[in-house]
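Inspection log for the structure reproduced underneath, given as structure tokens.
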Amino acid sequence: MPRFADLPFRRKLILVITGTSVLSLLLACVGFIAAEASAARRGMAAVLSTRALMLADNSAAALTFRDPEVGAAVLATLDADPRMAAAGLYAAGGTLFASFTRPDAAGEPPAAPPQDGVRISEGRLRAVRGVHLEGRRVGTIYLAQDLTELYETLARLVAAALCVLLGAGLAAFALARRFERLVSGPLLALTETARAVSERGDYSLRAAPGGRDELGTLTSAFNGMLDQIAARDAALRETAGTLERRVAERTADLAAMNGELEAFSYSVAHDLRAPLRHIDAFLKLLSERLTGLDAESRRHMDVIASAAKRMGAMIDGLIGLARTTRAELERGPVDLRRLAEAVRAELTAQAPARAVEWRLGELPEVEGDEALLRVVLENLLGNAVKYTRGREPAVIEVGARREPGRVVVSVKDNGVGFDMRYAEKLWGAFQRMHRAEEFEGTGIGLASARRIVARHGGETWAEAEPGRGATFRFSLPMKS
Amino acid sequence: MALLTRALLGAALLGAAPVEPASEAEVKAVYLFQFTKFVEWPAGAFAGPRSPLTLCLLGAEPMGGVLERAVERETFAGRPYAVRRLEAGEDPRSCHVLFLAGPERGRLARVLERLSGSATLTVGEAPGFAERGGMIGFVREGDKVRFEIDQAAAEAAGLKVSARLLSLGRRRKG
């Protein structure tokens, strides 16, 4: 049995209408039957009482002249009425004088007369009346009537009431089924529209407008809300479209500008090489020819040569940086461990005097451009060697850690470290944390490393504390 | 003591209680009085609206004072009762009820003759009383007192006998 609150609206309406009709009719029937039964009972009582009085009048002589036979004959007239069950005549002293008993009906008149009156007891209507002659009471008459008649009347009434109830209930049900649509129709349509809107997200749907009642108001309010939502939707879509278009335009602009800038810097660097080679070459020729130069002039010549050399390194760096951005990745399996060993060997050869304690951990094989990844390791390991200068011993740890979907390679040193406030600045081109006189370098290495890792789909970051070493990390995507 | 018993009996009979055995004479006295309640006299039978209903006794009746006591303080339609004992030869025409005691055959015809035209209810106890011109004749049935009614004779005298009483009459004429 479902809860009433969960029933569909239509069923609720039908139930309420039918239930109310049947209930009110039931009440009316009950009241009607009660009134009818009471009236029937009163009518029966009045008839029986009258009959008792008539018989009393007829039996007065029999009582007066003490003729029980005649008294019995008077009572025997009751035999014609099958409803009469028993009767009795009592003398003034209270003794039973004459009686009548229907053979097929149980119950004899009582031995002594009951109190005067009409009452129902033990399923019989009983009337007790005095017999009077000339104002003097000469006896008592007692009549008992079967109540079958009353019960039959009641049964007929109840049957009729049930028929009426059944008919009215069916009629109410049929009418309710027919007319509930007048009320529930607009509501159901509104519900259907609301469901369609929320399920399909189609805000262009509208509920059919109803009358001017509350449902009509609700429908138009609902439609109004849909209008507002649709308007807002359109505005949002327009704004989003505009934004997207603008972003795309800007991105394209930026890409174009970036490309131009890179092409520009590449060509500038390339074009700068030729004059620089000339400066270098002619400086050598000049120093060979000028044999009698004083020490001061010789030192000036050396400074020029050194500056040219550094400029050449910077140009190489710039070209390398440009290439990392522009060149296509040549992907293949790269054994990071082997690569790290090679870079370490190279670095050890470049600075044989340095005492560096290398701790190379397990490094995985990854997918990538081996030449470019070598540049990354060269930069990070080279930096580690460079910034541990003066540490005895210098300790450099290279390790790797597997994480979901990627591998994180770390290069940790016990060098000078840096202030974490500038952690992001170091990855920019030409950004230097230390003076060139302190630590040589072009300021391009970390920028190149970050670009290469980014092109492989990874990230770069670093942690450090001034004087307590630094840890540089980069991640590369890797299937788990 | 005997008087008191009789008085009590009379009272009991007045209430029509079937108290047996009461003496035949006593029962007849009470019935005599009760008959008046089932008989209607013509309006001219009374001198005035308050004049008494006269019950006359003729002959050697054994009722003693029972009848007097029975009608004492009783009224009939506003009239008091009066009991008279008639001497032989006394005019019975003023009697409303005339009781002829004993088996006086010869006397009945004379009395009826004298009563002719008078609204007098004649009651007797001689056998066949109601068949020979009398209106109500007492009859013994076993130990019970019953009566016969000659309705035609009563109607001829201008009396109306109630059907309720007639239903009790053992034999009817007319």
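Overview of values
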| quantity | calculated |
| --- | --- |
| A:ARG432, sole failed condition from (1) more than 27 Å from A:GLY332 (Cα to Cα); (2) modelled with pLDDT of 90 or more; (3) surrounded by fewer than 18 Cβ atoms within 10 Å (Cβ to Cβ) | (2) |
| Residues within the stretch A:187-206 that are open to solvent by less than 90 Å² (accessible area, probe 1.4 Å), within 20 Å of the chain's Cα centre (by Cα) and either under 15 Å from A:THR219 (Cα atoms) or basic (Lys, Arg) (or both), tallied | 4 |
| Verdict on A:GLU328 being open to solvent by 40 Å² or more (accessible area, probe 1.4 Å) and at pLDDT 90 or above | no |
| Residue among A:GLU367, A:GLU357 that alone is within 15 Å of A:PHE474 (Cβ to Cβ), charged (D, E, K, R) and either within 60 Å of the chain's Cα centre (by Cα) or open to solvent by less than 70 Å² (accessible area, probe 1.4 Å) (or both) | A:GLU367 |
| Scope the stretch A:125-153; condition closer than 29 Å to A:VAL30 by Cβ and surrounded by fewer than 17 Cβ atoms within 10 Å (Cβ to Cβ); matching residues | A:THR148, A:GLU149, A:TYR151, A:GLU152 |
| Among residues of the stretch B:149-162, those that are open to solvent by 10 Å² or more (accessible area, probe 1.4 Å) and either outside any helix (DSSP H, G or I) or farther than 23 Å from B:CYS95 by Cα (or both), counted | 6 |
| Hits in the stretch A:17-68 - residues which are in contact with a strand residue (DSSP E or B) (Cβ under 7 Å, 6 or more places away or on another chain) and of a type in the set (Ser, Thr, Tyr) | A:SER49, A:SER59, A:THR64 |
| Among residues of the stretch A:272-303, those that are among the aromatic types (Phe, Trp, Tyr) and either more than 30 Å from A:ILE319 (Cα to Cα) or touching a Lys or Arg at 6+ places or on another chain (Cβ under 6 Å) (or both), counted | 0 |
| A:GLU108, sole failed condition from (1) in contact (Cβ under 8 Å) with a residue 12 or more places away in the chain; (2) outside any loop (DSSP other than H, G, I, E, B); (3) open to solvent by 40 Å² or more (accessible area, probe 1.4 Å) | (2) |
| Members of the stretch B:107-143 that are loosely packed, with under 14 Cβ neighbours inside 10 Å and among the acidic types (Asp, Glu) | B:GLU113, B:GLU131, B:GLU141, B:ASP143 |
| Cβ pairs under 6 Å, 6+ apart, first in the stretch A:281-306 and at negative phi, second among the hydroxyl-bearing types (Ser, Thr, Tyr) | A:MET301/A:SER287 |
| Enumeration of residues in the stretch A:77-96 that are among the hydrophobic types (A, V, I, L, M, F, W, C), open to solvent by 20 Å² or more (accessible area, probe 1.4 Å) and either assigned to a loop (DSSP other than H, G, I, E, B) or more than 10 Å from A:ILE141 (Cα to Cα) (or both) | A:ALA80, A:ALA92 |
| Failed condition for B:PRO62, given (1) surrounded by 21 or more Cβ atoms within 10 Å (Cβ to Cβ); (2) in a loop (DSSP other than H, G, I, E, B) | (1) |
| Only listed residue being in a helix (DSSP H, G or I), under 22 Å from A:GLY469 (Cα atoms), of a type outside the set (A, V, I, L, M) and open to solvent by less than 30 Å² (accessible area, probe 1.4 Å), chosen from A:GLY382, A:GLY317 | A:GLY382 |
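The values are calculated or read from the model by the stated rules, or taken from the named source; none is laboratory data. Note that the coordinates shown come from a computational prediction; the quantities given were computed from them, not determined experimentally. Reconstructed Cβ throughout: ideal geometry from the backbone, glycine too, with neighbour counts over all protein chains shown. Protein only, heavy atoms only, side chains kept; ligands, DNA and RNA dropped before computing areas. Shrake-Rupley method; radii C 1.70, N 1.55, O 1.52, S 1.80 Å.
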